Amino acid sequence: MPEQSTGFDPQLLAFEKYQGINTSVLRVGVPDEQAYWLDGFMPLDARNLRTLPDVGTALYTAVGKTIIWYSFCNIGATPYCVVFQSDGSVIAVNTATAAVSTILAASTIAVPNLLNQAIAQWGSQYLIIVAQQINGYFIWDGNLVYQSGSLAPGIVLTNVGSGYTTPPAVLFSGGSGTGTAAQAVISGGAVTNINITNPGTGWLSGDTVTVTLSGGTSSGTGASITVGLTHAAGGTGATITCSMLPISVPGYGTAFYIGSCSVTAGGSGYSQFTTAVATGGSPVYITNVAIALTISGGVITAATPPPAGIYTNLYYTGTPPTVGITDTAGYFVSSSTIVNPGSGYSQSTKLAAVGGGSPASEATLMAAIANGTISSVTIQTGGLYGSNTAPTITITDTPVTATATATLMPFGMSGNCVEVYQGHVWVAGAGLASGSKLPSGSNNNLSWSAPGSVSDFATSDGGGSQQSTDPWLKVSYTKLLSANGFLYLVGDSSISYISGVTTSGTPPTTTFTQANADAEVGSPFPASVQTFGRNVMYANSWGIHVCYGADAKKVSEPLDGVYSSVANFGGIQLAAAKATIFSKRVWMELVRIVDPVTGSTVNKVCMWDGAKKWWTSEQSVALSFIASQEINSVFTAYGLDSATATKIYPLFNTASGAYEKRAASKLWDAPGSYVMRKTSNRFWGLCYYNSTTSPDWHVSIDSIDQASATVTNQNFTVTGPASTGWFVVPPQVASQQGEFIGLTMKTNAADMQLVSTVIDPQAHDYRG
């Protein structure tokens with residue numbers, strides 16, 4: 001850190017800004033605000049360096065087998081850890097209850113290997129598993145597994161039917177499948193859903209599955225209903241006037257007729273039994289001329305006289321007659337009586353009014369069914385009848401058989417990458433050698449499902465596939481990942497992305513745009529590829545990278561001094577995880593390195609805050625694989641023990657003194673720069689203890705004597721407090737000499753926040 005003047009000699013050097021580590025330079029070249037090494041300490045901010053928690057209780061322990069790799073999903077609100085095991089089985093561990101469910105039995109996965117399998121979620125409804133083997137495509141709904149030779153999930157109702165009083169039997173035919181079973185669900189007399197209870201086995205490519213729904217319907221009998229009529233009130237308020245026109249009548253001369261009628265007031269409440277008659281005037285033969293009426297909504301809207309003729313509508317003079325309006329009103333159905341409620345009636349029962357006295361319109365009624373009987377009748381419209389003769393109520397209950405269709409899971413589908421994007425399932429992988437269970441050739445085939453389907457890859461429905469000819473895809477796709485509105489195709493040496501997915505035409509065709517994001521930076525480590533916020537992160541042999549949209553950039557320069565310190569990472573598969581630690585979201589990568597403080601070769605978790613700070617950590621359990629779960633916006637990292645590969649632990653979970661944390665400052669050449677030889681005199685420290693478990697520090701004052709080209713250390717122990725809270729380290733004698741001076745601290749403190757440490761070197765010898 002920069003020199004801090006106290007107003008007297010000696011000057012103080014403080015280690016307290018904690019802006020992450022920097023191993024890309026020699027220890028003497030580390031910037032003042034950074035540390036040379038922070039391991040097991042998380043740099044929360046300046047003057048806040050906190051020890052990291054340890055593993056929690058193991059979530060799952062494999063018995064008689066080892067764990068190859070794992071990932072996480074949720075079905076509905078239930079969170080699962082999906083574990084691939086050495087015997088070829090796949091299980092789901094409920095991370096809330098630790099209950100274990102078998103997804104795939106032993107030997108189902110031909111070659112359990114992180115590079116040969118992948119998983120993805122279809123919403124929260126299905127887990128999709130792909131494997132690089134013949135028919136390596138599986139779907140799990142939290143209960144049933146769907147695979148080649150079984151039904152696909154989801155039976156589609158094409159007609160819900162009617163008249164169902166009990167669920168019909170669901171029968172399957174048309175192919176070689178056996179054991180297939182489903183249960184129908186009814187409501188309101190109709191089939192509302194069909195739930196698969198066993199997707200079956202043995203269905204063959206080319207089979208057409210026929211679904212038949214049998215039984216469950218019934219027709220009610222014995223019911224009888226009568227209705228009562230009420231006389232309607234007649235309309236009032238309408239007036240009609242006539243206009244006369246002359247007409248020449250052979251043998252008579254000029255006469256007159258009603259040429260038109262005008263509705264001067266439409267009135268209200270008029271029924272279809274309303275009549276209008278023109279009387280008076282000077283009729284030649286017929287004294288009462290009938291006027292035709294148009295009535296809408298009880299209002300007279302038009303009046304039309306008959307044609308002129310000798311025996312009708314003919315007058316001696318042009319004096320218009322008077323139009324009288326009469327409404328006998330008729331009758332309507334106003335009540336109903338259930339004479340007999342009957343039995344066995346379904347919700348599709350229909351009532352109809354038939355006959356009655358001179359019906360202008362029939363009444364409409366609706367029956368309510370309870371326990372197969374007619375429990376009540378609702379009069380929807382009362383109809384209109386010319387006399388007080390009630391209509392007959394007929395009761396019909398004619399069931400309609402429901403229909404449905406089912407499809408089969410795809411055959412021949414396999415892959416080592418899978419993702420869901422824009423309503424399609426995308427699978428990448430290699431073809432298979434004929435008759436083999438193992439992939440052959442490069443993994444450069446990409447397939448996609450029909451829109452909205454988790455199982456239909458038919459080109460006739462909008463699915464498809466293509467073989468990559470891109471020059472930047474050197475060997476294979478290693479990961480598919482949906483983020484930022486794109487589908488990223490991560491290859492061993494490059495990254496491409498897909499966007500603009502559309503399906504149109506008859507038959508439907510799915511098209512999309514594919515572009516290259518980086519032709520030289522990819523990853524052969526699928527477990528290292530993850531989203532972090534809106535970005536995609538991944539690791540390869542020369543660093544950790546982030547893809548901002550379509551721009552890939554290395555972000556791990558501060559790790560360069562240790563990142564490649566073990567050739568080929570000792571053969572481990574790099575793996576990434578995310579975690580919420582001390583209310584901060586942290587990204588981490590498991591890498592095998594040589595620890596610069598201890599000199600040991602270890603699997604280390606390299607951690608990043610997403611901005612600029614890097615640090616590392618171990619746990620009390622040595623790790624060989626990590627992955628993370630996100631549920632309810634909480635990220636939790638889980639690690640696999642490397643000793644037995646049988647236990648999965650939540651990481652950074654419990655404050656513990658079971659492992660050592662280390663922090664090392666830069667080597668200062670202050671005061672006086674490297675031209676002066678100096679001596680450190682005292683060491684001070686300030687910290688806060690949240691726990692008193694393993695509170696002691698072990699401090700090493702490190703110095704380099706250029707004259708002898710040796711590194712020397714003075715070690716002492718700071719005894720921690722017996723209670724939580726603030727702790728000021730009393731001055732410790734630190735008599736070290738050299739041109740460069742720094743400090744290294746080690747502690748097993750379970751939960752300590754280091755604020756500052758200080759040494760006071762004094763220049764005493766000019767080397768010139």
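Number of residues in the range 19-45 that are in a loop (DSSP other than H, G, I, E, B) and closer than 23 Å to I704 by Cβ: the value is 11.
Taking the residues in the range 393-407 that are surrounded by 13 or more Cβ atoms within 10 Å (Cβ to Cβ) and more than 40 Å from the chain's Cα centre (by Cα) as candidates, determine which candidate is farthest from G298 (Cα to Cα). Filtering the range 393-407 for residues that are surrounded by 13 or more Cβ atoms within 10 Å (Cβ to Cβ) and more than 40 Å from the chain's Cα centre (by Cα), the one farthest from G298 (Cα to Cα) comes out as D397. Of all the criteria given as (1) outside any loop (DSSP other than H, G, I, E, B); (2) surrounded by fewer than 18 Cβ atoms within 10 Å (Cβ to Cβ), the one not satisfied by T598 is (1).
Any residue in the range 113-127 that is surrounded by 20 or more Cβ atoms within 10 Å (Cβ to Cβ) and at pLDDT below 95? The answer is yes, given that some residue of the range 113-127 is surrounded by 20 or more Cβ atoms within 10 Å (Cβ to Cβ) and at pLDDT below 95. Checked against the criterion of being touching a Gly at 6+ places or on another chain (Cβ under 8 Å), surrounded by fewer than 17 Cβ atoms within 10 Å (Cβ to Cβ) and among the basic types (K, R), the candidates R585, R534, R592 yield just one match: R585. Do we have P695 as assigned by TED's automatic domain parsing to the domain that holds F15 and touching a residue at least 40 places away in the same chain (Cβ under 8 Å) here? When the stated conditions are applied, P695 passes them.
Going through T654, T616 one at a time, which residue ends up being out of contact with any Phe, Trp or Tyr (no Cβ under 8 Å at 6 or more places or on another chain) and outside the structural domain of I701 (by TED's automatic domain parsing)?
Every option except T654 fails the conditions.
In summary, strands (runs of 3 or more DSSP E) completely within the range 471-512 and bearing 3 or more residues that are surrounded by fewer than 23 Cβ atoms within 10 Å (Cβ to Cβ), out of contact with any Leu (no Cβ under 8 Å at 6 or more places or on another chain) and without any contact (Cβ under 8 Å) to a residue 40 or more places away in the chain occur at 495-504.
Number of residues in the range 591-619 that are closer than 19 Å to P43 by Cα and without any contact (Cβ under 8 Å) to a residue 40 or more places away in the chain equals 1. Of the residues making up the range 36-59, none is β-branched (V, I, T) and within 21 Å of D141 (Cα to Cα).
When the range 167-176 is filtered for residues that are at pLDDT 95 or above and either of a type outside the set (V, I, T) or part of a loop (DSSP other than H, G, I, E, B) (or both), the ones remaining, listed by number, are P167, P168, A169, L171, F172, S173. In this entry, G324 is excluded by the filter for residues that are surrounded by fewer than 18 Cβ atoms within 10 Å (Cβ to Cβ), within 60 Å of the chain's Cα centre (by Cα), within 30 Å of T241 (Cα to Cα) and not aromatic (F, W, Y). For the range 117-160, a residue qualifies if it is assigned to a loop (DSSP other than H, G, I, E, B) and within 30 Å of S348 (Cα to Cα), and the qualifying residues are P153, G154, I155, V160.
Note on the range 565-595: among residues that are polar (S, T, N, Q) and either outside any loop (DSSP other than H, G, I, E, B) or within 27 Å of the chain's Cα centre (by Cα) (or both), the one that is nearest to L115 (Cα to Cα) is N568.
Of all residues in the range 540-564, exactly one satisfies the criterion of being surrounded by 19 or more Cβ atoms within 10 Å (Cβ to Cβ), more than 16 Å from L26 (Cβ to Cβ) and touching a Leu at 6+ places or on another chain (Cβ under 9 Å), namely I544. I'd like to check something: does the range 612-621 contain any residue that is touching a helix residue (DSSP H, G or I) at 6+ places or on another chain (Cβ under 7 Å) and at pLDDT 95 or above? Checking the range 612-621: at least one residue is touching a helix residue (DSSP H, G or I) at 6+ places or on another chain (Cβ under 7 Å) and at pLDDT 95 or above. Say whether the condition of being touching a strand residue (DSSP E or B) at 6+ places or on another chain (Cβ under 8 Å), hydroxyl-bearing (S, T, Y) and under 21 Å from V454 (Cα atoms) is met by at least one residue in the range 84-100. Looking for residues that are touching a strand residue (DSSP E or B) at 6+ places or on another chain (Cβ under 8 Å), hydroxyl-bearing (S, T, Y) and under 21 Å from V454 (Cα atoms), one finds none in the range 84-100, hence no.
For the range 486-493, state whether one or more residues are closer than 27 Å to V425 by Cβ and either among the polar types (S, T, N, Q) or in contact with a helix residue (DSSP H, G or I) (Cβ under 6 Å, 6 or more places away or on another chain) (or both). Yes: the range 486-493 contains one or more residues that are closer than 27 Å to V425 by Cβ and either among the polar types (S, T, N, Q) or in contact with a helix residue (DSSP H, G or I) (Cβ under 6 Å, 6 or more places away or on another chain) (or both).
Of the residues that sit in the range 336-351 and are assigned to a strand (DSSP E or B) and modelled with pLDDT under 95, which one is nearest to T165 (Cα to Cα)? For the range 336-351, the residue satisfying everything is S343.
For the range 358-381, what are the residues that are free of Cβ contacts under 8 Å to residues at least 60 places away in the same chain and outside any strand (DSSP E or B)? S358, E362, N371 - these are the residues of the range 358-381 that are free of Cβ contacts under 8 Å to residues at least 60 places away in the same chain and outside any strand (DSSP E or B). A458 meets the conditions (1) more than 30 Å from G639 (Cβ to Cβ); (2) aliphatic (A, V, I, L, M); (3) touching a residue at least 24 places away in the same chain (Cβ under 8 Å) in every case but one. The failed one is (3). So which strands (runs of 3 or more DSSP E) are wholly in the range 76-116 and hold at least 1 residues that are in contact (Cβ under 8 Å) with a residue 60 or more places away in the chain? Of the strands (runs of 3 or more DSSP E) lying wholly inside the range 76-116, those with at least 1 residues that are in contact (Cβ under 8 Å) with a residue 60 or more places away in the chain span 78-85, 90-94. Filtering the range 332-353 to residues that are touching an Asp or Glu at 6+ places or on another chain (Cβ under 7 Å) and surrounded by fewer than 14 Cβ atoms within 10 Å (Cβ to Cβ) leaves nothing.
The values are calculated or read from the model by the stated rules, or taken from the named source; none is laboratory data. Please read all numbers here as calculations on a predicted model, not as lab measurements. Glycine gets a Cβ as well: all are built from the backbone with ideal geometry, and neighbour counts include every protein chain shown.
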